[in-house]
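The values are calculated or read from the model by the stated rules, or taken from the named source; none is laboratory data. It should be emphasised that the depicted structure is a prediction, and the values quoted were computed from it without experimental measurement. Cβ coordinates were reconstructed from backbone atoms using ideal geometry, including for glycine residues, and neighbour counts include every protein chain displayed.
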Amino acid sequence: MLDRTDFREALKFVFEEKIPFCKTLGLKFSLAEGRAEVRFRKQDFMLGNVKYKVLHGGVTASVLDSIAGIAILCRMAEMDPKPDVIAQLKEFGRLSTIDLRIDYVEQANAEEFIATAEVLRVGNRVANVQMRMVAADDGRLLAVGTAAFALRAPKTQGAL
């Protein structure tokens, strides 16, 4: 499914345009060589420290949580491709964050950021992910995180 242009374009559209929070943050999604990546530019409303123009920690956590979820969705598309794009995108509804830990390594005072995630495991009920955020200009590591996501059972037709 990841090799299908229509799936990649639909995933990008849903992530960037249909998730209001991601749209507000201006997150730009890409998928290259099966790896999910999010880029975004710093905006004034994102600041936690106005004097030093540093991102609010909640923005960093939200971006890392978002890239983790989309990385899991991509892994699920590899492991269990659905017959069509819509069915594959509906898998998003199965995911929910159950644990999120962020370590803030350095002040996030760059102008642009890149977040990536590596899915460690997708089980029957839980998926585990490691994430990182770097400054786009020099690759400085700004934050790392780990997350666990619940995977609800797929709905079956006719089930109540």
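Among the residues of the range 99-107, are any in contact with a Lys or Arg (Cβ under 8 Å, 6 or more places away or on another chain) and of a type outside the set (D, E, K, R)? No, the conditions are met nowhere in the range 99-107.
Could you name every one of the strands (runs of 3 or more DSSP E) located completely within the range 14-53 that has at least 3 residues being in contact (Cβ under 8 Å) with a residue 24 or more places away in the chain and not basic (Lys, Arg)?
Numbers: elements: 28-32, 35-41, 47-49.
In the range 14-53, 35-41 are the strands (runs of 3 or more DSSP E) which contain 3 or more residues that are in contact (Cβ under 8 Å) with a residue 24 or more places away in the chain and not basic (Lys, Arg).
Yes or no: the range 142-160 includes at least one residue that is surrounded by 13 or more Cβ atoms within 10 Å (Cβ to Cβ), part of a helix (DSSP H, G or I) and modelled with pLDDT under 95. Looking for residues that are surrounded by 13 or more Cβ atoms within 10 Å (Cβ to Cβ), part of a helix (DSSP H, G or I) and modelled with pLDDT under 95, one finds none in the range 142-160, hence no. The set of residues in the range 32-52 that are over 11 Å from the mean Cα position of the chain (by Cα), surrounded by 16 or more Cβ atoms within 10 Å (Cβ to Cβ) and among the aliphatic types (A, V, I, L, M) comprises Met46, Leu47.
For every residue, the table says whether it meets (1) of a type in the set (Asp, Glu); (2) surrounded by fewer than 20 Cβ atoms within 10 Å (Cβ to Cβ); (3) touching a Lys or Arg at 6+ places or on another chain (Cβ under 7 Å).
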position	(1), (2), (3)
Ala77	no, no, no
Asp80	yes, yes, no
Arg94	no, yes, yes
Glu112	yes, yes, yes
Val126	no, yes, no
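Tell me, yes or no, whether the range 53-75 has at least one residue that is of a type in the set (D, E, K, R) and either more than 21 Å from Lys28 (Cβ to Cβ) or touching a Cys at 6+ places or on another chain (Cβ under 6 Å) (or both). Scanning the range 53-75, I find no residue that is of a type in the set (D, E, K, R) and either more than 21 Å from Lys28 (Cβ to Cβ) or touching a Cys at 6+ places or on another chain (Cβ under 6 Å) (or both), so the answer is no. In the range 114-124, the qualifying residues are those that are touching a residue at least 12 places away in the same chain (Cβ under 8 Å) and in a strand (DSSP E or B), and the one that is surrounded by the fewest Cβ atoms within 10 Å (Cβ to Cβ) is Glu118. Figure legend. Inter-residue proximity from the range 132-143: first residues under 17 Å from Ser66 (Cα atoms), second residues in a strand (DSSP E or B) and among the basic types (Lys, Arg), beta-carbon distance below 9 Å, spacing 6+ or different chains. Indicated pairs: Leu142/Arg132; Ala143/Arg132.
Exactly one residue among Val105, Val85, Val59 is under 20 Å from Leu2 (Cβ atoms), among the hydrophobic types (A, V, I, L, M, F, W, C), surrounded by 14 or more Cβ atoms within 10 Å (Cβ to Cβ) and over 11 Å from the mean Cα position of the chain (by Cα), and that residue is Val85.
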